[in-house]
Amino acid sequence: MEPRGHQGDAPAAGESSPGLAAAQRALAALVPPLRFAVKDGFAGAPRLKGFGELARGAIARARAAGAPDTPALQRLAIEAEAFDALPADERRAALARIAGGLSALIPVPEELREVARLGRTGVAAGTRQGRGTSTSAGPVEAGPSQRSSAASAAERSRGTTATASPAATGAHEAAHPERSAVLSLPKDGARSTDTWTEAPPPRTPEERAARRKKLATPLAELPRTHPSTRAQLEERGRLTVEQGLEFFPKAYQDRTQVRRIVELRAGDEGIVHGTVGHVRVQRMRNGRPLLKVGLSDPSGALELVFFNPPPWRARQFAAGDALLCSGKVTEGFGRRFQMSQPEVEKLQAGDSASFGRIVPIYAGPADYQHPALRKLVKRLVDEYAPLAVDDLPPQVRARRGLLSRAEALRDAHFPGAGTDLVAAAERATPGFRRLVFEELFFLQLALALRRRGVRAEAGIAFDASPAAIARALELLPFRLTGAQARALDEIARDMARPEPMNRLLQGDVGSGKTAVAFAAMMLAVRSGHQAAIMVPTELLAEQHARTLAGWLQGTGVEVALVAAAARGKGQKETRARVADGTARIAVGTHALLEQDVAFERLGLVVVDEQHRFGVLQRAKLISKGHRPDVLVMTATPIPRTLALAFYGDLDQSKIGELPPGRTPVATKVYGDSQRRGAYEVARRELEAGRQVYVVYPLVAESEKSDLADATSGAEELRRVFAGHEVGLLHGKLKADEKQAVMDRFRTGALRVLVATTVIEVGVDVPNASVMIVEHAERFGLSQLHQLRGRVGRGAARSHCLLIAHFKRVGDEARERLQAMAETQDGFEVARVDLRIRGPGELLGTRQSGQKLFEIADLYRDEAILEEAREDAFALVDADPELGRPEHRAAAEALEGRWAGRLSLAQVG
């Protein structure tokens, strides 16, 4: 709460006591859900669940921390008490009033200040008695009744309630028969309230280091931890306390309410509270043990059933024990109700991890292992999460209304009562918002620092004047489109500067990126330097070398095709001509990275289909020159969020239109039994003089797979398309064999080309108008889009025919095929691909075993990414060395906790 003058012993304006800071943090928890609700004209208001309960808990915590009971806080409490019961049409006005009350107590973001102005107008009109009353936020000692009320509300807000004896439960039911179907867990029994408190912020680097060291404690060194429980985390790579705290739940259950046994129905998931009557071990027909535990409450009885229990399970129960049980109710023998494999806990003093609260469900452990794992995680949350160092700069947290890291970790594992369980599972609560923001912020901070560092290095200033660009374009047999010309202008401006260029060129399949890259290479060559272009396949390298040599015919500029060293004497001579500068442009695959490939004066590196190359491969090629300019290109469109997240240190250009004469490709999905229809389309095109591709996932038949293969397919298609010559192309052919097949297809001697995905990238035959993909369900979206890009390069209407084996198709595969049929837009295709597969496969990093994100989801968290990027780049602009005291924690985190994961963001 903002200090607004003096009241009693309150601190002067501008000062802040520890209690006041805690009160501010408690109320700040209301900011994120309020921002969600008021966004886009209160569009989120109808989806706001349990906000009144959340607000009451925040107010109770603020009062418990010492906040005075000012009129503003009282009005906020009144609004919170009534909010959850309001009809939908009254919520907008209530939210405005709550924003108004909150803004009088703590700083709030601009959009809430605007809403707050409306809210304060309503308060002024309807609450005149509040005028003129001091709203000082100084801490005032609360009386006993206030503290009791605050503690009770704080306890209720976290869902950490005590559990009474069965007698107490029965008395409660008798007093309130109308509530007997569903009861809140009693609050006057043996369990203690949750006394979780965040530690004060560390004041020195030494204190931060000590905290980080404690959080890095190996789980194996924690006292009183059972090895089998600890192994549930260690087997998933969570070896330290901090890594254990970052093992987030996959789902949640609300266990704040207990039901009477008589109210249960078969199929219900419920919690019951009763007394053990009997414990019996029986044998099933297969000889394995079966444990049955009789449980009763004043309304009825059921049996707890444990199949093949471990020996300790039978010793866990004794007649007369009071238990809480959670599970699914089924009908057993004699129509008696039973719970199979329930979670069970004896009533005892202390705060439960599994009852009386919203409880986390973690991925992996068996059902019976969950209580012990939950108990271990709760111990980490209680003992270690309060020590979490807040690495986010304070001004960033304040601007975005974010919880502290400690509060966020607690909220992620054990959210407060009233939390929307779906929102929690989708990681859309205030705690998860903070953790997602943090993950994306440090990624963007690394990119911002890298971008600034690259620009500070000395590079090459090429002649990229309009006259130089015009001389380069004279060599092309066509004019650039407007989009190509704009991209070239952006590249030329970078190349003219003395700092190194680092630019990403995006363009859909067939948009003409090669022509733009050629013009850039000529700017480097005419300035006295060499250029290298690295591509993923030998087929594409050969095509590029042939194309560039054709454009350069008669200019005296030599193009060298650098192939594997094993190619013999010819390759030795080629490499020598690159090394002495005779060859000014080198085209190759990974062969360019070989140790004996050297350049006389490398000035520009072009990487085509950059996602096919790793970070170290790109860096190795760049190191063969003295900080050359770098242009990376992709025909696999990168969704905007992915581009910001992983190529945010690169300037970006986009070719958003196709050259004249390119035609849209009609895409249709066929079932395996409908292939005749696909073949009929292909036959019509062949008879019209055009050509056909047919792509298979395998080269030859495999005992391990029943997928169709290219070799068998070629034999079959020779019968289907009798009278039209069919050729076969795959990666196992020798280079000269592949070249011969492609030359025959390019000249029209072959009418049908059966191939594997070796033709996925770069093959250009304008007369080909049909692409048939066999087993299309086995290909990724980007692969299918690339294959579709092999046709539609001439004036004739083209077709992409996807043949799928639907019996083996899952939902994801159906979604991919549907996306292909519905859109030609490569960027929309990539967006769907990002949602389905995540960033790992799109970036080519899944194979590395490194996880890109712990909790962030680029598809879901686009708005948070935008905010994180804005704040990170602004921070580096203001403090490039991160040397200010308030930024040192962020610098330490970047070098320590985030260093490994952020290496994936390095591009060149």
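Within the same chain, aspartates and glutamates fewer than 8 places from Lys213 are excluded, and of the rest, those with a Cα less than 12 Å from its Cα are Glu242. The Lys572 and Ala899 beta-carbon pair, evaluated with R₀ = 35 Å, returns a calculated FRET efficiency of approximately 0.25. The stretch between Lys213 and Leu290 holds 23.0 nm of extra length on full extension. This uses 0.36 nm per residue minus the Cα-Cα distance.
Amide H contacts for Lys328 (H built 1.01 Å from N in the peptide plane; partners 5 or more residues away or on another chain; cut-off under 5 Å): Ser340.
Sparse packing (at most 16 other Cβ atoms within 10 Å of the Cβ) combined with a DSSP loop state is found for the following GluC sites (Glu not before Pro) in the stretch 445-499: Glu457, Glu474. Of the chymotrypsin sites (Phe, Trp or Tyr not before Pro) found in the stretch 440-547, those in coil by DSSP whose Cβ has at most 16 other Cβ atoms within 10 Å are Phe478. Pairs of Cα atoms nearer than 8 Å and 6+ residues apart set the relative contact order; for the stretch 506-579 it is 16 percent.
For Ile772, Ile864, the ranking by accessible surface with the largest value first comes to Ile864, Ile772, using a 1.4 Å probe.
Available extension along the chain between Lys49 and Glu111 is 20.2 nm, counting 0.36 nm per residue and deducting the alpha carbon span. In this structure the amide hydrogen of Gly507, modeled in the peptide plane, comes within under 5 Å of the amide hydrogens of Thr634, Ile655, none closer than 5 places in sequence on its chain. List the residues of the stretch 489-531 whose backbone N lies under 14 Å from a point placed 7 Å from the Cα of Asp463 along the Cα-to-Cβ direction. Within reach of a label on Asp463: 496, 522-529.
Model label sites at Ala666 and Thr197, defined 7 Å from Cα along the beta-carbon direction, differ in position by 7.5 nm. Equivalent-ellipsoid semi-axes for the stretch 466-655 (Cα gyration tensor, √(5λ), whole Å, largest first): 24, 20, 16. Label 7 Å along Cα→Cβ of Ile361; the stretch 243-282 residues with amide nitrogen under 19 Å? Zone members listed by number: 247-259, 265-272. Spin-label pair Phe478-Arg493: with each label point 7 Å from Cα along the Cα-Cβ axis, the two points sit 2.6 nm from one another. Label point 7 Å out from Thr330 along Cα-to-Cβ: which residues of the stretch 243-277 have amide N under 16 Å? From the stretch 243-277, the list is 265-270.
In whole Å, what is the distance between the alpha-carbon centres of the stretch 400-427 and the stretch 279-293? Cα centres, the stretch 400-427 to the stretch 279-293: 42 Å. Placing a pseudo-label 7 Å from each Cα along the Cα-to-Cβ vector at Asp736 and Glu822 gives an inter-label distance of 5.1 nm.
Of the trypsin sites (Lys or Arg not before Pro) found in the stretch 329-429, those in coil by DSSP whose Cβ has at most 12 other Cβ atoms within 10 Å are Arg336. Counting only protein heavy atoms and using a 1.4 Å probe, the accessible area of Ser712 comes to about 60 Å². Near Tyr252, the amide H atoms lying under 5 Å from its own belong to Ile361; only residues 5 or more places off or on other chains count, and H is placed 1.01 Å from N.
Taking every alpha-carbon pair under 8 Å whose residues sit at least 6 apart, the stretch 257-355 reaches a relative contact order of 28 percent. Counted residue by residue at 0.36 nm each, then reduced by the alpha carbon distance between them, the extension gain from Gln553 to Arg835 reaches 96.9 nm.
The heavy atoms of Tyr252 present about 20 square angstrom of accessible area, all protein chains included, probe 1.4 Å.
The values are calculated or read from the model by the stated rules, or taken from the named source; none is laboratory data. Everything numeric in this text was worked out from a predicted model, so none of it was measured. Here the Cβ is made from the backbone with ideal geometry for all residues, glycine too, and neighbour counts use every protein chain on show. Calculation scope for accessible area: heavy atoms of the full protein, side chains included, ligands and nucleic acids excluded. Shrake-Rupley method; radii C 1.70, N 1.55, O 1.52, S 1.80 Å.
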